[in-house]
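Heads up, the thing below is written out as structure tokens.
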Amino acid sequence: MQCSWLTMPHHRYLLVADQGKLVFVGSPDANLQEARQYVNGPFEFNDEAIKPFQAALTAYLTGKTRTVTVPVTFHGTILQEAVWQCLLTIPYGETRTYAQVAAAVGHDRAFQAVGHAVGQNPLMMVIPCHRILRKNGGLGGFRGGLALKRKLLALEQGARPMF
């Protein structure tokens, strides 16, 4: 697995790729230990292999593009993969509730299981789990922290990029 950092003005994010596909985006300023919870190493730092992923995420975080269009791969349970695929269909600037995602993947009452699957998303920002809110409009959780979730939602509502 190749990895390197995406360095932005306020934080850096670990990016991990395998065979030319992005497999992990880290939380702000997290270390390699976080990646080990989501993907199996060994990890090799390789700036050149990660450049396309850095460019795509930088374009998204600076408001130059609305999608992160890079090859990705992810592995999870059947429910996790269904939830992650569903998240990929949520348009830029829109949000859904955990209940709406649960219904969309055919598990109407499995809010907690869906919430857990959202929380286990290895490709934060690429698979837009930040677009999922509580039924009452509350933010819910976010692996990258609620400050980052607020910034991502604000970016998608037209705010000046804050990354």
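Can you find, among Gln33, Gln54, Val16, the residue farthest towards the positive end of the dipole of the range 1-78? Put +1 on the C-beta of Lys and Arg, -1 on that of Asp and Glu. Going by the Cα projections, it comes out as Gln54.
For the range 2-61, what relative contact order do you get, as a whole percent, if you take Cα pairs closer than 8 Å and at least 6 residues apart? Mind dumping the intermediate values first?
Working: 88 pairs, mean separation 22.1, N = 60.
Contact order relative to length: 37 percent.
Across the range 78-156, the relative contact order, built from alpha-carbon pairs under 8 Å that are at least six residues apart, equals 32 percent. Largest mean-square fluctuation among Gly145, Gly115, Gly26, in a Gaussian network model of the chain whose springs join Cα atoms under 10 Å apart, belongs to Gly145. With charges only on Cβ, +1 for K and R and -1 for D and E, what is the dipole size of the chain about its Cα centre, in debye, rounded to 20? Roughly 600 debye, rounded to the nearest 20.
Could you tell me the calculated FRET efficiency between Ala59 and Arg109, based on Cβ-Cβ distance and R0 = 35 angstrom, to the nearest 0.05? Efficiency for this residue pair is about 0.35. Here's the list of lysines a cross-link from Lys135 could span, going by alpha-carbon distance under 21 Å and ignoring same-chain residues fewer than 8 apart: Lys149, Lys151. From the alpha carbon centroid of the range 73-93 to that of the range 18-67 is 18 Å.
What percent antiparallel are the DSSP beta bridges of the chain, to the nearest 5? List each step's numbers first, then the result.
Details: 10 of 17 bridges.
Antiparallel: roughly 60 percent of the beta bridges in the chain.
Test of the criteria: in the range 23-120, which trypsin sites (Lys or Arg not before Pro) are in a DSSP loop and have at most 13 other Cβ atoms within 10 angstrom of their Cβ?
Values: sites: Arg36, Lys64, Arg66, Arg96, Arg109; in loops: Lys64, Arg66, Arg109.
For trypsin sites (Lys or Arg not before Pro) across the range 23-120 that sit outside H, G, I, E and B with at most 13 neighbouring Cβ atoms in 10 Å, the list reads Lys64, Arg66, Arg109.
Straight-distance candidates among the aspartates and glutamates for linking to Lys51, with alpha-carbon spacing under 14 Å and chain neighbours fewer than 8 residues away dropped: Asp18. Among the chymotrypsin sites (Phe, Trp or Tyr not before Pro) in the range 1-107, those placed in a DSSP loop whose Cβ has at most 14 other Cβ atoms within 10 Å are Tyr92. Counting only residues at least eight positions apart within a chain, or on another chain, the aspartates and glutamates with an alpha carbon under 20 Å from that of Lys21 are Glu34, Glu44, Asp47, Glu48, Glu81. Figure legend: label point modelled 7 angstrom from the Cα of Ala147 along Cα→Cβ; residues of the range 26-54 with amide N under 12 Å from it are 28-29.
Quote the convex hull volume per residue of the chain, based on C-alpha atoms, as a whole number of Å³.
On the way: hull volume 16.5 nm³, N = 163.
Taking the convex hull of the Cα positions in the chain, it is 101 Å³ per residue.
Using Cβ point charges alone (K and R +1, D and E -1), the dipole size of the range 2-61 about the Cα centre works out to roughly 100 debye.
Computed from the coordinates by the stated procedures, all read-outs in this text should not be read as laboratory data. Predicted model only: the values in this text are computed from it and were never measured. Reconstructed Cβ throughout: ideal geometry from the backbone, glycine too, with neighbour counts over all protein chains shown.
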